[in-house]
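The values are calculated or read from the model by the stated rules, or taken from the named source; none is laboratory data. These figures come from a predicted structure and were not determined experimentally. Note: ideal-geometry Cβ built from the backbone for every residue, glycine included; neighbour counts use all protein chains shown. Note: accessible area is taken over every heavy atom of the protein model, side chains too, but ligands, DNA and RNA are not part of it. Shrake-Rupley method; radii C 1.70, N 1.55, O 1.52, S 1.80 Å.
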Amino acid sequence: MEKLRRVLSGQDDEEQGLTAQVLDASSLSFSTRVKWFAICFVSGIFFSILGTGLLWLPGGIKLFAVFYTFGNIAALASTCFLMGPFKQLKKMFETTRLLATVVMLLCFVLTLCAALWWHKKGLAVLFCILQFLSMTWYSLSYIPYARDAVMKCCSSLLS
């Protein structure tokens with residue numbers, strides 16, 4: 001009877017099911033979230049390294065761009081298991097990391113375009129380098145004062 005009352009009032013939990021669980025990271029236990037974070041992060045690193053190895057094969061620029069980009073996306077997505085996808089997206093587009101996020105996402109797309117459609121090897125490699133730099137800058141934004149330390153270090157090296 002209680003189930004019928006929930007369905008009729010529009011509060012049926014079974015309709016949400018898996019979608020609600022995926023969107024709400026707190027529905028997963030802490031150990032499950034950490035395990036899937038590790039699996040996703042390690043596979044991201046693996047695909048990035050695999051892509052770099054494929055670069056040296058004849059015609060490997062396409063495989064390099066796809067695997068390297070997929071690896072970075074997997075590593076980035078791994079943090080969704082720790083904090084949840086909505087919180088991750090919210091943090092990605094905060095003002096402190098907005099520029100790094102936009103550059104990073106743009107480099108993902110441009111890397112694939114350069115390798116798969118434009119057939120420009122140099123551009124694909126350049127966009128991969130920019131992917132690495134933007135991912136690093138994005139990652140540093142989560143460590144207090146890390147960006148300031150890098151800026152001071154770079155400015156002291158240049159002067």
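Odds and ends about this structure:
Listed here are the residues, each with its yes/no results for (1) buried (at least 20 other Cβ atoms within 10 Å of the Cβ); (2) under 22 Å from Phe46 (Cβ atoms).
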site	(1), (2)
Tyr68	yes, yes
Gly71	yes, yes
Leu82	no, yes
Pro85	no, no
Gln88	no, yes
Glu94	no, no
Ala100	yes, no
Thr111	yes, yes
Ala115	yes, yes
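- Checking every residue in the range 119-138 against the condition of being at pLDDT below 95, open to solvent by less than 60 Å² (accessible area, probe 1.4 Å), of a type outside the set (D, E, K, R) and within 30 Å of Ser27 (Cβ to Cβ) gives at least one match.
- Meets criteria (under 15 Å from Lys62 (Cα atoms) and either of a type in the set (Asp, Glu) or open to solvent by 80 Å² or more (accessible area, probe 1.4 Å) (or both)) for Lys152: no
Residue-by-condition table, conditions (1) in a helix (DSSP H, G or I); (2) of a type in the set (Val, Ile, Thr); (3) within 13 Å of the chain's Cα centre (by Cα); (4) closer than 24 Å to Gly51 by Cβ:
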position: Phe86; (1), (2), (3), (4): yes, no, no, no
position: Thr95; (1), (2), (3), (4): no, yes, no, no
position: Phe108; (1), (2), (3), (4): yes, no, yes, yes
position: Leu112; (1), (2), (3), (4): yes, no, no, yes
position: Gly122; (1), (2), (3), (4): yes, no, no, yes
position: Ile129; (1), (2), (3), (4): yes, yes, no, yes
position: Thr136; (1), (2), (3), (4): yes, yes, yes, yes
position: Ser139; (1), (2), (3), (4): yes, no, yes, yes
